[in-house]
1. Does SER30 count as exposed (fewer than 12 other Cβ atoms within 10 Å of the Cβ), among the hydroxyl-bearing types (Ser, Thr, Tyr) and without any contact (Cβ under 8 Å) to a residue 60 or more places away in the chain?
2. For the stretch 43-90, give me each residue that is of a type in the set (Phe, Trp, Tyr) and modelled with pLDDT of 85 or more.
3. Within the set of pairs 6 or more residues apart or between chains, which connect a residue that is part of a helix (DSSP H, G or I) inside the stretch 38-59 to a residue that is modelled with pLDDT of 85 or more and surrounded by fewer than 10 Cβ atoms within 10 Å (Cβ to Cβ) with Cβ atoms less than 9 Å apart?
4. Among residues belonging to the stretch 33-42 that are modelled with pLDDT under 85 and closer than 12 Å to ALA15 by Cβ, point out the one that is surrounded by the most Cβ atoms within 10 Å (Cβ to Cβ).
5. Whether any residue in the stretch 66-87 is at positive phi, in a loop (DSSP other than H, G, I, E, B) and of a type outside the set (Asp, Glu) is what I want to check.
6. In the stretch 15-31, is there at least one residue being among the basic types (Lys, Arg) and either modelled with pLDDT of 85 or more or in contact with a Phe, Trp or Tyr (Cβ under 6 Å, 6 or more places away or on another chain) (or both)?
7. Out of all the residues in the stretch 1-27, which are within 18 Å of the chain's Cα centre (by Cα), surrounded by fewer than 13 Cβ atoms within 10 Å (Cβ to Cβ) and of a type in the set (Val, Ile, Thr)?
Amino acid sequence: MSTGKIVVGVLAGVAVGALLGVLFAPDKGSETRKKISKKSSDTVNDLKKKFENLMDDVAEKFEDGKEEVAEAYGKVKTKAAEFSKDGQAV
């Protein structure tokens, strides 16, 4: 299972647990609605941060891979040029 799925699952579990805790708390309805609204907002903000971090990690890995491919391409190109110049492998 990927890390992203685990993080989303854990956050969803925490959000559901917090929501159930608020719903079963002995507060007035208006207070309960305020708490639900605040918890929802906090959860959305947390999810946004996690998603942004995940996208940053993906972009970084993509850039690293792109650099590795460019480097490998340069090596192959150099070897091919040497081979065609000499007519034999070096």
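1. yes
2. Scanning the stretch 43-90 gives PHE51, PHE62, TYR73.
3. Close Cβ pairs satisfying both conditions: none exist.
4. Residue satisfying both the conditions and the ranking: LYS39.
5. Yes, there is a match, as at least one residue in the stretch 66-87 is at positive phi, in a loop (DSSP other than H, G, I, E, B) and of a type outside the set (Asp, Glu).
6. Within the stretch 15-31, none of the residues are among the basic types (Lys, Arg) and either modelled with pLDDT of 85 or more or in contact with a Phe, Trp or Tyr (Cβ under 6 Å, 6 or more places away or on another chain) (or both).
7. Within the stretch 1-27, THR3, ILE6, VAL10 meet the criteria.
The values are calculated or read from the model by the stated rules, or taken from the named source; none is laboratory data. Not measured: the values here are computed from a predicted model. Virtual Cβ from ideal backbone geometry, glycine too; neighbours counted across all protein chains shown.
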